[in-house]
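Asker: The structure's right below; bear with me while I get my questions together.
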Amino acid sequence: MQVAIVGGTGAQGRGLAARLAAAGVAVLVGSREAAHAREVVRALKEGHEGLSIEPATNEDAIARSDLVLLTVPFAHAAAALQASRERFRSGSVLIDVTVPVAFEKGVPRLVEVPEGSACEHLRRLLPEHVGMAAAFKTLPAATLATLDEPLDCDEFVCGDSPAARSRALELAAKIPGLRPVDSGELEAARTIERMTVLAIGINKRYRIRSARFRVVGL
Ligand SMILES: NC(=O)c1ccc[n+]([C@@H]2O[C@H](COP(=O)([O-])OP(=O)(O)OC[C@H]3O[C@@H](n4cnc5c(N)ncnc54)[C@H](OP(=O)(O)O)[C@@H]3O)[C@@H](O)[C@H]2O)c1
């Protein structure tokens, strides 16, 4: 399985790259600048030489993968997708990780998106032949980054088709300690993105960095 991470040089992308590669997934860390991707991959591999992580430009990473994670700030997500929409393979799936959040005097607030969620907004920019799912939106980068810290949580996964959703569920299930929860259609991203904003607020109030979710009774 070859996975691309667009904006994989950032906090969330690096953590997901490390966790997925540790689970045996081949990962391409994408960047606007090949040199930045190389530098990040070198750092990720320090002490973990066996991990299958390679650097690439975002465009190349997309063209070489069937699953593409999007981990750029939401404000730049549309432009990033538009710049490389022609590079998506037929039948590939974009897994959106972005959360439309802004900080007002340190307080996290959801940025209202006309379509209802970041996912639904970005879906409109993708070619028809590309599936869309959401996952990894409520996972804190600080926890992802520490490979020996158990994740021990659930992750909500939704998608625009059963096929796209099941590809994202399958990928999330590869990460030890992470239980993917089938959350239904893409519209569920409206709730999932709000839950991330809730978690950021909890982190701030309790002075922690690792608030995340577990569904009980499942
Ligand atoms: N951090 C978290 O705990 C967390 C948790 C859940 C979800 N998320 C979501 O995950 C996404 C990434 O978060 P992050 O904290 O990793 O963000 P980040 O570190 O600020 O940025 C990630 C990467 O995006 C690329 N980027 C920055 N500006 C760009 C632009 N104008 N156009 C294209 N690419 C650009 C950069 O890569 P290059 O410079 O190498 O191109 C950067 O390394 C966000 O949407 C966030 O809401 C984050």
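The values are calculated or read from the model by the stated rules, or taken from the named source; none is laboratory data. Note that the structure is a prediction, hence the values are computed from the model and not measured. Glycine also receives a Cβ, built like all others from the backbone with ideal geometry; neighbour counts cover every protein chain displayed.
Asker: Just give me the residues in the range 57-112 being in a helix (DSSP H, G or I), of a type in the set (A, V, I, L, M, F, W, C) and either within 17 Å of Ala17 (Cβ to Cβ) or within 11 Å of the ligand (Cβ to nearest atom) (or both), in sequence order. Before you say what the answer is, go through the steps one by one.
Answerer: Looking only at the range 57-112, we keep the residues that are in a helix (DSSP H, G or I), and these are 58-63, 74-87.
Within this subset, residues satisfying the condition of being of a type in the set (A, V, I, L, M, F, W, C) are 61-63, 74-75, 77-81, 83.
Those that are in a helix (DSSP H, G or I), of a type in the set (A, V, I, L, M, F, W, C) and either within 17 Å of Ala17 (Cβ to Cβ) or within 11 Å of the ligand (Cβ to nearest atom) (or both): Ala61, Ile62, Phe74, Ala75, Ala77, Ala78, Ala79, Ala80, Leu81, Ala83.
Asker: Next question. Determine if the range 131-146 includes at least one residue that is among the β-branched types (Val, Ile, Thr) and in contact (Cβ under 8 Å) with a residue 40 or more places away in the chain. Break it down into steps so the answer makes sense when it comes.
Answerer: Here is the first cut: in the range 131-146, the residues among the β-branched types (Val, Ile, Thr) are 138, 143, 146.
In the following step, the residues that additionally are in contact (Cβ under 8 Å) with a residue 40 or more places away in the chain were identified as 138, 143.
The answer is yes; a qualifying residue exists.
Asker: Given the criteria part of a helix (DSSP H, G or I) and in contact with a Lys or Arg (Cβ under 8 Å, 6 or more places away or on another chain), does Leu44 qualify? Break it down into steps so the answer makes sense when it comes.
Answerer: Values: part of a helix (DSSP H, G or I): yes; in contact with a Lys or Arg (Cβ under 8 Å, 6 or more places away or on another chain): yes.
Yes; evaluated as a whole, the condition is true for this residue.
Asker: Would you check which residues across the range 167-191 are in a helix (DSSP H, G or I), free of Cβ contacts under 8 Å to residues at least 60 places away in the same chain and buried (at least 17 other Cβ atoms within 10 Å of the Cβ) and list them?
Answerer: Start the filter on the range 167-191 by keeping residues that are in a helix (DSSP H, G or I), which leaves 167-173, 186-191.
Now drop any that are not free of Cβ contacts under 8 Å to residues at least 60 places away in the same chain, which leaves 169-170, 172-173, 188, 191.
Hits for the range 167-191 are Leu169, Ala172, Ala188.
Asker: Look at Gly7 and say whether it is at pLDDT below 95 and on the phi > 0 side of the Ramachandran plot.
Answerer: Details: at pLDDT below 95: no; on the phi > 0 side of the Ramachandran plot: yes.
No; evaluated as a whole, the condition is false for this residue.
Asker: Still on this structure, please answer the following. Is it the case that some residue within the range 57-73 is more than 25 Å from Leu169 (Cα to Cα) and surrounded by 16 or more Cβ atoms within 10 Å (Cβ to Cβ)? Give the steps one after another, and end with the answer.
Answerer: So in the range 57-73, the residues more than 25 Å from Leu169 (Cα to Cα) come out as 57.
Adding the requirement that they be surrounded by 16 or more Cβ atoms within 10 Å (Cβ to Cβ) leaves 57.
Among the residues of the range 57-73, at least one is more than 25 Å from Leu169 (Cα to Cα) and surrounded by 16 or more Cβ atoms within 10 Å (Cβ to Cβ), which makes the answer yes.
Asker: Sticking with this structure for a sec: In the range 29-45, which residues are of a type in the set (Gly, Ala, Ser) and exposed (fewer than 14 other Cβ atoms within 10 Å of the Cβ)? Before the answer, list the steps.
Answerer: Within the range 29-45, the subset of a type in the set (Gly, Ala, Ser) is 30-31, 34-35, 37, 43.
Passing the criteria: Ala35, Ala43.
Asker: Out of (1) in a helix (DSSP H, G or I); (2) within 14 Å of the ligand (Cβ to nearest atom); (3) free of Cβ contacts under 8 Å to residues at least 60 places away in the same chain, what's the single condition that is false for Leu28?
Answerer: Among (1) in a helix (DSSP H, G or I); (2) within 14 Å of the ligand (Cβ to nearest atom); (3) free of Cβ contacts under 8 Å to residues at least 60 places away in the same chain, Leu28 violates only (1).
Asker: Answer yes if at least one residue in the range 113-126 is within 10 Å of the ligand (Cβ to nearest atom) and under 17 Å from Gly7 (Cα atoms), and no otherwise. Walk me through it before giving the result.
Answerer: Of the residues in the range 113-126, the ones within 10 Å of the ligand (Cβ to nearest atom) are 118.
Going one step further and asking which of them are under 17 Å from Gly7 (Cα atoms), we end up with 118.
For the range 113-126, residues within 10 Å of the ligand (Cβ to nearest atom) and under 17 Å from Gly7 (Cα atoms): present.
Asker: Still on this model: Looking at the range 180-195, which of its residues are within 10 Å of Glu155 (Cα to Cα) and in contact with a helix residue (DSSP H, G or I) (Cβ under 8 Å, 6 or more places away or on another chain)? Spell out the reasoning first.
Answerer: Narrowing the range 180-195 to residues within 10 Å of Glu155 (Cα to Cα): 180-183, 192.
Of everything in the range 180-195, those that are within 10 Å of Glu155 (Cα to Cα) and in contact with a helix residue (DSSP H, G or I) (Cβ under 8 Å, 6 or more places away or on another chain) turn out to be Pro180, Asp182, Ser183.
Asker: Okay, moving on. Test Arg14 against the criterion of being of a type outside the set (S, T, N, Q) and either surrounded by 22 or more Cβ atoms within 10 Å (Cβ to Cβ) or part of a loop (DSSP other than H, G, I, E, B) (or both), and give yes or no.
Answerer: Values: of a type outside the set (S, T, N, Q): yes; either surrounded by 22 or more Cβ atoms within 10 Å (Cβ to Cβ) or part of a loop (DSSP other than H, G, I, E, B) (or both): yes.
Here the answer is yes, as Arg14 does meet what is asked.
Asker: Moving on to the next point. Sort out which residues of the range 150-161 are within 16 Å of the ligand (Cβ to nearest atom) and either without any contact (Cβ under 8 Å) to a residue 12 or more places away in the chain or under 14 Å from the mean Cα position of the chain (by Cα) (or both), and write them in order of number.
Answerer: Filtering the range 150-161 for residues within 16 Å of the ligand (Cβ to nearest atom) gives 151, 153-158.
Of everything in the range 150-161, those that are within 16 Å of the ligand (Cβ to nearest atom) and either without any contact (Cβ under 8 Å) to a residue 12 or more places away in the chain or under 14 Å from the mean Cα position of the chain (by Cα) (or both) turn out to be Glu155, Phe156, Val157, Cys158.
Asker: List pairs: first in the range 32-56 and of a type in the set (Ser, Thr, Tyr), second outside any strand (DSSP E or B), Cβ under 6 Å, 6+ apart or cross-chain?
Answerer: Taking only residues 6 or more apart or on different chains, the pairs are Ser52/Ala21.
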